[in-house]
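Okay, so here's the structure we're looking at.
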Amino acid sequence: MATNAVVLEGPASVTNGDAYGAGLSRKRVYILPTRPGTLYAFMLLVMLLGATNYNNSMGFILCFFLTGLGLVCMLHTYRNLSGLVLTTGVPGPVFAGDTAEFPVGLDNRANISRHALEFSAATGKRFWQKRAAGAEWRINFDVDADGRDSVFLPLKTTRRGYCSMGRVRIAGRFPLGLFQAWSYYSVGNKCMVYPNPAGSADLPQRALAEASLVEGSMHGVDDFGGFKKYAPGDSIKMIAWKSLAREQELMVKQFVGGGAGTLILSWQSVDHLHTIEARLSQLCKWVLIAEQQGFSYGLELPRMRLEPQRGGPHKHRCLEALALFKP
Amino acid sequence: MNNATDTLSRQSMIGLMAALVLSVLPHTMRVPIWVSLSHFILVGVRLLPVYSPLLSLPTTGGIVRVVKWLLTGAALIGIYFSYGTLVGRDAGTALLIMLAALKLFECENERDFYIICYMGYLLVITHCFYSQTVATSVYICFVVVAMTVVLISFNDKQQSLAVSLRFRLAGGLLLQAFPIMLVMFLLFPRINGPLWGLPKDVHVGVTGVDDEMSIGSISKLTQSSQVAFRVKFEDDIPDLNLLYWRGPVLSHTDGRKWTAGRSARGGAGRIDYLGDRIDYEVTLEATNKHWLFAIEMPARPPAGSYFTRDRQLRSRKRVQRQTIYQIRSYTDFKNDAARSADLRRALALPEGKHKRTVALANSWAAPGQTPEQIIRRGLNYFLDRDFVYTLQPVLLTGDPVDDFLFSTKQGFCEHYAAGFTVLMRAAGLPARVVTGYQGGEVNPVGNYLIVRQYHAHAWSEVWLDDRGWVRIDPTSVVSPARINDGLEYAVPESVLSMPLGLENNVVAAGIWRRLQNSWDAIDYQWTQWVSRYGPDRQEALLARLGFEAVNWKTLGLGMVISVSLVLLAGALWIFKGRPTPVDPADRLYLKFCRRLAKTGVTKNSSESPNAYAQRALPLSRGLEADILAVTGTYMDIRYGSQRHKLSRLKRLVAKFLALTRV
C-alpha cells in the first residue's frame, strides 16, 4: 500500500523513499531571485564600484561578505523548502457556496525547522509580474524540525458534485527574502459538494400526511425502551458504553414515544420547481430538516431510491445522492 | 495584503530603525551637526506612532506629500551648502543619512522596507572610507548582523523565531559567508583605482611634521599620540639614540620661522656609507604630503621616491593613504658633496636680527679656532648656563633667538635647534635645521617600533670641510634622556598615555601598557594584511602559492571556480542526508522493514510494529514465525527495556535477510 506522499525534491536525504521503504513521488523545487534580491545585487555592484574607486580594502571585504551572504541565503532558502513531504487527506463534504477545506499533511523529516512557507493558488503568474491583490488566498505555515502539521487549503465551491483543487503552489523566501523557492503540488482527493439547501422550510404536505398514516416506527427521543444489538448505521451517540464495558456486546439504547414518523421525499414532491438545481436544493433542505426533526426519511429520485432511515450516515448518503444526481 | 501595516510588523519597523540609528552613530562626529540631529529627530518622530497609535501621523494625502517633498528639498539644499557638492565621500554620506531617515516616512510596502535596509548597508560601507582600523571593522560587523536580523524578522511572517534565535541565525549565515568572502578577497582581481577621478575631499590633511618650523610648532605635536609610522626591523631594534628619522630640511629663516627655502636643483650627490647597516620596513600613515621618513642616512630611495639635494626622501606622489616601503640605512656616513650655492644658503642670516647672538658667535670665531672647537663652544654654552628642556617654556618676547639664549634659557627641541643653527651661521659655519622624528617606542608584543607624533624632533646639521654635513643635536646635550630613552622619560608629564588616576599604580600601568601594545600589534598586522591588501600584495601572495604573472582574466576565472567550490561544499554540508538512527536496535529493525517492504506491504511511519506485522502476515508465505519473532524482540528492546536481547535481534534479522534474499 503506497501512500500518496509527495516529497519536494531535495538531494540526498529522501532519495529512495522514506525510511520504511514507502515510495515517494518527487516534485521539483525551483529557485530564483526575487525583486528585492535583484536590488540587492545592484547594491553590491554599487559597493564594489565604490570600493574599487577608492581602493578601499575594508569596502571590498564588506562587499564580498554581503555577496557571500546572498549566496548562502540561496542555499538556505532552497533547503527551507526542499525535503518537505506532503500528503493529502480527504476533505469533509460541504454545501455548494461554502468553502471546502482540503487538509494537507506536512511532514518535516529534516532536523531543521522550516519557516514562513506558504501555499497559494497556482495562477501561472511570471515572477516579474506583480501579485494580483485580493483574488487569491494564502496560507502561511511553519513546521518544526522533525515535526508534523497540517493545513487546510480553501476552495470556494459553486456547484454541487465533486470538486478538486488541482495544483497549488508552495513557496518560501525565508531567511532573507532575496530568493524565492517554490514548487507545485497537485492536491489529489476530491471534495464532495452537496447542493445548497434552499427553498421552503416546510416539509411537503403529502409526505407528512403519509407519515401520519404509517405506523410510527417509534424512533423517538423521549422514553427509554430497552436495548438492541448495534447494527452499522445506528447513531453512535446511542451506544450503551456501560454494557460494552461489562464485556457484553455492543448495544444501542432505544427510545420510544413521540416518534415523528416516516416520510418519503420524492422527485414528484418538487415538481413545482422549474430547474433541476432548484429541486435538488429543496430536497437537500428537506433532508436536513427531516433529520433535525427526528423523522425517518427516505429519498426517491429517478433511477434511485433510498429506504427510510435516520442517522448521520444515512443523511450523508441522501445528500450524496442529491449531489451526484444526473438528470 | 490589504493592510500595509500588517506586512510591516511593529517588530520589523522598530528593528529597522534601531539598526539604521546604529549605522549612523559613528558618523555623528564626521558630518555637520544638523545632519545627524535631523536624522535622529526624524527617526524619533517615525517611532512615535509605533508605540502609541494616538500619535499616528497621516501618511497619505496631498499636504503630507508636499511636506515630504519640501523636507527632501531642504535636505538637498542643506547638504549642497555644507559641502559645495552632492557627490563625494562626505557629501554622499550626509545625503544617504538624510534620505534614509526621510524614506522611513515613505515605507508602505515590502519594496520600501528593503530599500531602507539596503540604504543601511550602504551607510555601513561609508564607514570604511573613513577608517579601516580593527575597531571600525568590529563595529561594522555588529551593524551588519543587526541589519541581517532585521531582514530575517521581516521574512519571519509567523513571528515564530525568538529574537535570540534570529540573532543566532544571522550569525550563522554570516559565518557561512565568511569562507566565500575570504576566497573573493584574496582572488578578486584588483585594479589600481581610481576608475574615475576622485572627488577632492577624500584625503584630508593630517597633523604631522611640516616643511616649516616656528617656535612652538614641534611642541604642539607632542600633544598628539597619533601614530606617525611603524617600523619592522629585520634584525634587532637599534638603540633609540641612533634613530634619527630625517624629514624636511629647513635652510631659510626670516628670524621667526624656518622654511625649506628655494628648492635646490640637482640630485643628492655622492655619499659614503660607513656605519652599521640597518634593514627595515616602514608603514607610514597618510600625511597628504610628499616626504618619506628614513633613518639617517638611507641608501637607496624606494620605488616612486627620490632624494632631494638636501638628502631628504621625497615621494613622487602625495602620501594619501597608508604606504609601506622597505629601505636600508647606514648609521654613519660622509655626506660631503655640496656646492657653494648650498653653503651660501646655509650661512644666510636675516638682516638686523639676533644681534646679541651674532655678537656672541663672532666672539667665538677668533682666528685659529677650528670648526670643531666652535661647535664645542656652542654646545658648552647650553651646558654651562643651566638651560632647561621643557614643553612649556616661558613665552619669548622680542627677538626669539636672543631671548631664548640670553633671558629665558628654557625651551624645547625647536628652540635649541634654531638657536644653535643661528649661532653656527653667525660664527661662519654653514648650518641648517633638520626636522623629523627621533627615537620611537618599542612594542614588545609585536617586536616593532612605533613612532608617534610626540616623537617629532628638530636638530642641526653643520658643514665641516673635511667631513661634510654632520649632525649636531643640541637637545642631546641638554636632555640626554630625550635622545636615549625617549620623550616619555625626559618629560613624563607631557605624555598622558594612561587613564587618569592610574599613573601612580605601577601594576595597573603595566597592564594598561601591555593592553595598549597588544592592541597596537593587532592593528599593525591588520594594516599589513587587510587594509593594505592590493594588487602588489595579491601578486606576492599568488607568487608564494606558485602562481606567477597571472592576468586578471585567469584570476577572475579562478575566483569564480573557487567560490563555486566553496558553495558546493556548503550545499553538501547543508543538505547532508539525515543520519541513520544511532540506536542499533532501531537500525536493525529498519533493515527488516525495508526488506519486508519488498513483499508489497510497507510500514507507515505512524504504524506500530505490531500492527505492521499483523498486516504483513497474510502476505508473508512461510515467514510468519520469523516476522513475529523479529517484531516481538524489537518491541521488547524498545518498549520493554530488555536490552540484552539485542544480540538475539541481530541474529533474527540476519536470518530474515538471508531467507528473503532474492
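Identify all residues within segment B:400-418 that are of a type in the set (Ser, Thr, Tyr) and either assigned to a loop (DSSP other than H, G, I, E, B) or free of Cβ contacts under 8 Å to residues at least 60 places away in the same chain (or both); write none if there are none. Once the filter is applied, which keeps residues that are of a type in the set (Ser, Thr, Tyr) and either assigned to a loop (DSSP other than H, G, I, E, B) or free of Cβ contacts under 8 Å to residues at least 60 places away in the same chain (or both), segment B:400-418 yields B:Ser407, B:Thr408. Flag not set for B:Gly267, criterion: in a loop (DSSP other than H, G, I, E, B), farther than 24 Å from B:Asp332 by Cα and either modelled with pLDDT of 85 or more or touching a strand residue (DSSP E or B) at 6+ places or on another chain (Cβ under 9 Å) (or both).
In segment A:1-11, is there at least one residue being at pLDDT 85 or above, over 19 Å from A:Ala145 (Cα atoms) and within 10 Å of chain B (Cβ to nearest Cβ)? Within segment A:1-11, none of the residues are at pLDDT 85 or above, over 19 Å from A:Ala145 (Cα atoms) and within 10 Å of chain B (Cβ to nearest Cβ). Output the residue which, of all residues in segment B:114-139 that are within 9 Å of chain A (Cβ to nearest Cβ) and within 18 Å of B:Gly171 (Cα to Cα), is surrounded by the fewest Cβ atoms within 10 Å (Cβ to Cβ). This residue is B:Ser137.
Please indicate, with yes or no, whether at least one residue in segment B:616-624 is polar (S, T, N, Q) and surrounded by 15 or more Cβ atoms within 10 Å (Cβ to Cβ). Yes.
Among the helices (runs of 4 or more DSSP H) confined to segment B:564-662, the ones with at least 1 residues that are within 14 Å of chain A (Cβ to nearest Cβ) and free of Cβ contacts under 8 Å to residues at least 24 places away in the same chain are located at B:584-597, B:609-616, B:624-640. The set of residues in segment B:140-156 that are aliphatic (A, V, I, L, M) and facing chain A (nearest Cβ under 8 Å) comprises B:Ile140, B:Val144, B:Leu151, B:Ile152. Evaluation of A:Phe65 against the conditions (1) over 30 Å from A:Leu48 (Cβ atoms); (2) at pLDDT 90 or above shows that the sole unmet condition is (1). Taken together, the residues in segment B:515-557 that are within 13 Å of chain A (Cβ to nearest Cβ), assigned to a loop (DSSP other than H, G, I, E, B) and not basic (Lys, Arg) amount to 2.
The single condition from (1) more than 7 Å from chain A (Cβ to nearest Cβ); (2) part of a helix (DSSP H, G or I) that B:Gln159 fails is (2).
Note on segment A:23-110: enclosed strands (runs of 3 or more DSSP E) holding 1 or more residues that are within 10 Å of another protein chain (Cβ to nearest Cβ) are A:84-88, A:99-108. Select, from A:Ala323, A:Ala278, the only residue that is farther than 30 Å from A:Gly226 by Cα and touching a strand residue (DSSP E or B) at 6+ places or on another chain (Cβ under 8 Å). Selected residue: A:Ala323, the only one of A:Ala323, A:Ala278 that is farther than 30 Å from A:Gly226 by Cα and touching a strand residue (DSSP E or B) at 6+ places or on another chain (Cβ under 8 Å). Do we find a residue being modelled with pLDDT of 85 or more and either facing chain B (nearest Cβ under 10 Å) or touching a His at 6+ places or on another chain (Cβ under 7 Å) (or both) anywhere in segment A:117-126? There is at least one residue in segment A:117-126 that is modelled with pLDDT of 85 or more and either facing chain B (nearest Cβ under 10 Å) or touching a His at 6+ places or on another chain (Cβ under 7 Å) (or both).
Look through segment B:180-213, keep the residues that are among the aromatic types (Phe, Trp, Tyr) and at pLDDT 75 or above, and return whichever of them is farthest from A:Leu49 (Cα to Cα). Filtering first and then ranking leaves B:Phe185.
The values are calculated or read from the model by the stated rules, or taken from the named source; none is laboratory data. These numbers come from a predicted model, not from an experiment. Positions of Cβ are generated from backbone atoms using ideal geometry, with glycine treated the same way; all protein chains shown enter the neighbour counts.
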